[in-house]
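Single-structure report; data block below.
The values are calculated or read from the model by the stated rules, or taken from the named source; none is laboratory data. Computed from a predicted structure; not experimentally measured. All Cβ positions, glycine included, derive from the backbone under ideal geometry; neighbour counts span all protein chains shown. Please note that ligands, DNA and RNA were not included when accessible areas were found on the heavy atoms of the full protein model with its side chains. Shrake-Rupley method; radii C 1.70, N 1.55, O 1.52, S 1.80 Å.
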Amino acid sequence: MSNPSTDDFVRGLWRQNPVFVQLLGLCPALAVSNSAINSLTMGLATSFVLLASGLVISSIRSWVPADVRIVTYICIIASFVTCVDFTIKAISLELHKSLGAFISLIVVNCLILGRAESFASRNTPVRAVLDALGMGAGFTVSLLLIGSVREILGSGTLFGMAVLPAGFQTWTVMILPSGGFFVLALWLLIINRWQQAAERTGSPAAEGAGK
Amino acid sequence: MTAASTPLAMFRTVVGVGMLCALLIVGVYEATALRIADNEARALESAVLEVLPQAKQLRSIALSAGRQIVDAEPADQPLPAFLGYDDQGDLVGAAITAAGMGYQDTIEVIYAYSFEGSKIVGMRVLQSLETPGLGTRIETDPDFTANFDALDVAVNAAGSGLRNPLTTVPQGTKTEAWQIDAITGATVSSEAVGDLLNQSAQLWVPVLVRDAIQLMRLADREEQP
Amino acid sequence: MSDATHWSIFVNAALINNFVLAYFLGLCPFMGVSAKLSTALRMGGAVTFVMLVASTCAYWLNQLLLVLDVTYLRLISYVLVIASTVQLVEMLLRKLSPASFRALGIFLPLITTNCAILGLALFQTNRGYGFSQCIAFALGAAAGFTLALVLMAGVREKLDLVPVPEVVRGASAALIVAGILSLSFMGFAGLGS
Amino acid sequence: MRKTLEIASSPHVASGASVELIMRNVVYALLPVVAFAVFAFGLAALLVILTATLACVGTEHACNRLAGRESTLGDGSVVITGLLYGLVLPPALPLWMVAVGGIFGVGVGKFLFGGLGANAFNPALVGRAFLQAAFPGAMTYWSPAFTPGRFSELPGSILTLPFAEPAFDAVTAATPLSALKFRDTGTEMADLALGLTSGSVGETCAVLILAGGVYLVARNMMNWRIPVAILATVALMSLVAGAVAPGAYPDPAFMLFSGGLMLGAVYMATDPVASPITNAGCWLYGLLIGALVVVIRFWGGMPEGVMYAILLANAVSPHIDNVIQPRVYGTAR
């Protein structure tokens, strides 16, 4: 636990999980999580932008004057997002269509600017990369957790493969917007409950988890 | 840690980063543009062949402001249209994309027009954001899609529009060849499809019928000056 | 290209495809500011203002990009131009009308780089709206955002007074309320067409 | 009509006796409606109502146990929620779906908000709205009323295995509202008032629902202003619409007696916790519900909008209380 580099990585995965703990990036987490494949794509795309912008920003951090900090960061982030957008379009139009404008909206995901501002701009590239990897992994895993529940119940499939018996009645509500709210609330409930139980038994897992 | 905010440093940073970003975007754009255009063309072509399976060669067309059929690049058109020809270069039909407002967002479809008997002979939804399980039945409900296997779009005597506008009627009450049987519970989406088809057919079919003779053979086009 | 009427664009953006409850855009300020009615109302005012500015900017900027044939710069130019225009208008506002600046000012930095604003600009471009349609869209989106915020604030103020179970407090309670509101807004489907 | 008992005012929850008394009377008022539902739709209706009530009561009990709170079954409120929830479901709905909606309605719509006296939305309608979104097909399948074999056999769909797709019988009926919206056919007024039509289990017989409402009002156990405001608004708006565009819209009588309006106005909108406290607030609240119902029915995509109208008004009701409230202590808000 005391090793700082491990800590940089693990922090984002669990203790400061962007979606479940910090409630950052909720918009993409809910908007495209109606299937597991969309969740995975969005998670990976966001992680890539997080990683690339973190690396660049931490590398040039000593040359960027404070007054033009934000505009520089936004510029860098927007460029990487544009690249991701084109790349996804080149790989699969179908996927691009189902994610719609939400790929472009990665630019304004508070998670990315937040990490750039609070971590990458103050640390070495190596630490920034570790942090971005951890946050990206945490974000992707949370999206997958939400997306899997919604896809299994809402379509009876997971990554497009049938996982439930043929006669299963799909729960349309799960792929509707309200289903997104309910599933995220459900995960938060489970995590809260787990943390409370951990606090009561004095387990170290709960330490610092409240943010 | 950060550099001092002198005007020169600020200017240098913003311009430098801006240029790097521009290079990055243009680079990736150049690298992917061809692939994307290719993907789009293939997606469109496979949709055309789905509604117009007899077609072996396609001629991409558009409607000019003076209601004339002109050649056009599909990528430049908001709603591309095609004439389909068989191996011998004989006209087998037209495939036309159409769009209109649905329940939630724009619905985009492609439909096939058959000159023989002046009918719509097939329809596929290209894009829709209708309510899952309800509005999406415009794509999946076999009873609904069967409407478009033979939908009468005969032109009126004056050649200015359809003899009978396409109308959407409640499920089970279709009596005429130009009526579309709606889906109970997804009436708005069904009507949206009916309306957008009617709008597009009113525009295209009279022109196609008028010019049918000239369009009959693919080779004819090349012989003309 | 789009032939939708202004009224249907407005109703669609405000009620049927509500930015918060159907597209999840602007959730961060939604969760943060919806705890009290007075703040929610002022936030709504600020969002309306920024959305109008952003929509106008994005429309003309897009025309320019189309003329120059550099549409691949759309995203980055939208982000930068909208952010700087809002900043500019903010400075003007501070000078010309200090009263309204005090009412809206503190929210402006919060929403300038917000997904609802950029989402508005991207959606209007994707749907090919004309200028007046863009304005109707911006007004509708802002009205819908404010409505969702205000309804949410009412329920959340009420929740403060009741014995909500410990595990649900905070974010999950807000999400559940948003989910139920989203269910209720489904009743508006089909309006205005 | 003077009120001796201010039931619409919180904190009435504190006085446990009156809650029980009111709840018992609401059950009395509902019994004829339940009886008619069973008479019209047979065994299926009975099973739906029973399952709905059991699911709601069971969820309340389980939630209380889980949270370590004392049982609140005794006050009877959850039984009313269950009964009402059962009455707004389609008669051939698979029982497992009935149970899912009941669990969601009470678990999420009531318990997570803090239990009795704290629910911001009507739990029965939360459950129904969830089902409507989850299973739109099953929730719009209406079996015909008064079929000959209704007391001896069940519709094929109702005993569908949990989570399986129901196979509905081929015979389907349109509700008066969907018949009007999608087929442009009207319904006889007498059929509407007496409940000889298809629809949700307990919404069809307007006369019995009204009678129950009058009973509760006469015993000062319901705020009559809410239903009166709703019904008056609906009648007035459809009258005006009919005058402006004759023949384009259904007439006031049809609007009042069709669909779930009567049941919603009398039993759902009057949920004392999710409705405003003051009398003036109740008028405003009723007006809002009525207006929303008319807007959704006339111009919306769905034939019926009572459920959505009430849920939306539930969300507005805290604001109504904020605006219309005698400002005691002179405190600034």
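Going by the structure shown, is C:Gly190 closer than 30 Å to D:Val293 by Cα and open to solvent by less than 30 Å² (accessible area, probe 1.4 Å)?
Judged against the criteria, C:Gly190 is a match.
Looking for something touching a helix residue (DSSP H, G or I) at 6+ places or on another chain (Cβ under 9 Å) and more than 30 Å from C:Ala189 (Cβ to Cβ) - is there at least one such residue anywhere in segment B:201-208?
Yes, that holds for at least one residue.
Has segment A:98-117 got at least one residue that is at pLDDT below 85, within 28 Å of C:Thr71 (Cα to Cα), open to solvent by 40 Å² or more (accessible area, probe 1.4 Å) and not acidic (Asp, Glu)?
The answer is yes; a qualifying residue exists.
Name the single residue that is modelled with the highest pLDDT among those in segment D:183-198 being under 29 Å from B:Glu191 (Cα atoms) and surrounded by fewer than 18 Cβ atoms within 10 Å (Cβ to Cβ).
Among residues in segment D:183-198 that are under 29 Å from B:Glu191 (Cα atoms) and surrounded by fewer than 18 Cβ atoms within 10 Å (Cβ to Cβ), the one modelled with the highest pLDDT is D:Glu188.
Residues of segment C:66-96 being more than 24 Å from the chain's Cα centre (by Cα), part of a helix (DSSP H, G or I) and aliphatic (A, V, I, L, M), which ones?
Listed by number, the residues that qualify are C:Leu66, C:Val67, C:Leu68, C:Leu96.
Quick check on my filter: what residues within segment C:154-175 are under 17 Å from A:Val183 (Cβ atoms), open to solvent by 10 Å² or more (accessible area, probe 1.4 Å) and at the interface with chain D (Cβ under 8 Å from one of its Cβ atoms)?
If the condition is that a residue be under 17 Å from A:Val183 (Cβ atoms), open to solvent by 10 Å² or more (accessible area, probe 1.4 Å) and at the interface with chain D (Cβ under 8 Å from one of its Cβ atoms), then C:Ala173 is the only one that fits.
Considering only residues that are under 17 Å from the mean Cα position of the chain (by Cα) and among the small types (Gly, Ala, Ser), look in segment A:140-158 and name the one that is surrounded by the most Cβ atoms within 10 Å (Cβ to Cβ).
Only one residue fits best here, namely A:Gly147.
Within segment C:131-139, is there a residue that is surrounded by 16 or more Cβ atoms within 10 Å (Cβ to Cβ), more than 9 Å from chain D (Cβ to nearest Cβ), closer than 30 Å to A:Trp194 by Cβ and touching a residue at least 60 places away in the same chain (Cβ under 8 Å)?
no
At least 3 residues that are buried (at least 18 other Cβ atoms within 10 Å of the Cβ) in each: list the strands (runs of 3 or more DSSP E) lying fully within segment B:1-99 that qualify.
Answer list for segment B:1-99: B:57-63, B:81-85.
Can you tell which of D:Ala167, D:Ala133 is within 20 Å of D:Met97 (Cα to Cα) and in a helix (DSSP H, G or I)?
D:Ala133
Any residue that is surrounded by fewer than 22 Cβ atoms within 10 Å (Cβ to Cβ), in contact with a strand residue (DSSP E or B) (Cβ under 7 Å, 6 or more places away or on another chain) and on the phi < 0 side of the Ramachandran plot - is there at least one of those in segment C:72-91?
No, there is no match, as no residue in segment C:72-91 is surrounded by fewer than 22 Cβ atoms within 10 Å (Cβ to Cβ), in contact with a strand residue (DSSP E or B) (Cβ under 7 Å, 6 or more places away or on another chain) and on the phi < 0 side of the Ramachandran plot.
Of the conditions (1) away from every other protein chain (no Cβ under 12 Å); (2) within 16 Å of A:Val108 (Cα to Cα); (3) assigned to a loop (DSSP other than H, G, I, E, B), C:Ala35 satisfies every one except a single condition; which number is it?
The single condition C:Ala35 does not satisfy is (2).
Inspect all residues belonging to segment A:7-14 and state whether any of them is away from chain B (no Cβ under 13 Å), outside any helix (DSSP H, G or I) and open to solvent by 50 Å² or more (accessible area, probe 1.4 Å).
Scanning segment A:7-14, I find at least one residue that is away from chain B (no Cβ under 13 Å), outside any helix (DSSP H, G or I) and open to solvent by 50 Å² or more (accessible area, probe 1.4 Å), so the answer is yes.
Can you say whether D:Gly105 is within 14 Å of chain C (Cβ to nearest Cβ) and modelled with pLDDT of 85 or more, as far as the supplied structure shows?
yes
Return the only residue of D:Val207, D:Val171, D:Val201 being within 24 Å of D:Gly149 (Cα to Cα), out of contact with any Ser or Thr (no Cβ under 9 Å at 6 or more places or on another chain) and either more than 14 Å from chain A (Cβ to nearest Cβ) or open to solvent by 20 Å² or more (accessible area, probe 1.4 Å) (or both).
Checking each option against the conditions leaves just D:Val201.
For a quick check of your reading: which helices (runs of 4 or more DSSP H) sit entirely within segment B:110-221 and have at least 2 residues that are surrounded by fewer than 19 Cβ atoms within 10 Å (Cβ to Cβ), free of Cβ contacts under 8 Å to residues at least 12 places away in the same chain and at negative phi?
B:212-215
Take segment A:159-191 and flag every residue that is buried (at least 17 other Cβ atoms within 10 Å of the Cβ), not β-branched (Val, Ile, Thr) and not in a helix (DSSP H, G or I).
Hits for segment A:159-191 are A:Phe168, A:Gln169, A:Trp171, A:Leu176.
Of the numbered conditions (1) open to solvent by less than 40 Å² (accessible area, probe 1.4 Å); (2) in contact (Cβ under 8 Å) with a residue 40 or more places away in the chain; (3) over 28 Å from B:Glu130 (Cα atoms), C:Ser55 satisfies every one except a single condition; which is it?
Here C:Ser55 meets the rest and fails (3).
Does C:Thr146 satisfy being in a helix (DSSP H, G or I), closer than 20 Å to A:Phe102 by Cβ and either open to solvent by 20 Å² or more (accessible area, probe 1.4 Å) or modelled with pLDDT under 85 (or both)?
For C:Thr146, the condition - in a helix (DSSP H, G or I), closer than 20 Å to A:Phe102 by Cβ and either open to solvent by 20 Å² or more (accessible area, probe 1.4 Å) or modelled with pLDDT under 85 (or both) - is not met.
Only residues that are modelled with pLDDT of 90 or more and either open to solvent by 50 Å² or more (accessible area, probe 1.4 Å) or of a type in the set (S, T, N, Q) (or both): list them for segment D:33-70, please.
Selection gives D:Ala35, D:Phe39, D:Leu43, D:Leu46, D:Leu47, D:Leu50, D:Thr51, D:Thr53, D:Leu54, D:Thr59, D:His61, D:Ala62.
Taking the criterion of being of a type outside the set (S, T, N, Q), within 12 Å of chain C (Cβ to nearest Cβ) and either under 20 Å from the mean Cα position of the chain (by Cα) or crowded, with 20+ Cβ neighbours inside 10 Å (or both), would at least one residue in segment D:144-154 satisfy it?
no
Answer with yes or no whether C:Arg127 is out of contact with any His (no Cβ under 9 Å at 6 or more places or on another chain), closer than 18 Å to C:Ile16 by Cα, of a type in the set (Lys, Arg) and surrounded by fewer than 24 Cβ atoms within 10 Å (Cβ to Cβ).
So C:Arg127 fits the description; yes.
Quick one: in segment A:19-38, which of the residues that are assigned to a loop (DSSP other than H, G, I, E, B) and closer than 17 Å to A:His96 by Cα is most open to solvent (accessible area, probe 1.4 Å)?
Residue satisfying both the conditions and the ranking: A:Asn34.
Being part of a loop (DSSP other than H, G, I, E, B), within 16 Å of D:Leu93 (Cα to Cα) and either touching a residue at least 24 places away in the same chain (Cβ under 8 Å) or in contact with a Pro (Cβ under 6 Å, 6 or more places away or on another chain) (or both) is true for just one of D:Ala138, D:Ala124, D:Ala145. Which residue is that?
Just one listed residue meets the conditions, D:Ala145.
Given the residues B:Ser60, B:Ser64, which is the only one that is away from chain C (no Cβ under 14 Å) and at pLDDT below 85?
B:Ser64
For D:Leu125, indicate whether it is surrounded by fewer than 24 Cβ atoms within 10 Å (Cβ to Cβ) and closer than 20 Å to C:Arg156 by Cβ.
Criteria not met by D:Leu125.
Answer yes or no: is there a residue in segment D:90-98 that is part of a helix (DSSP H, G or I), away from chain C (no Cβ under 14 Å), surrounded by fewer than 24 Cβ atoms within 10 Å (Cβ to Cβ) and among the aromatic types (Phe, Trp, Tyr).
yes
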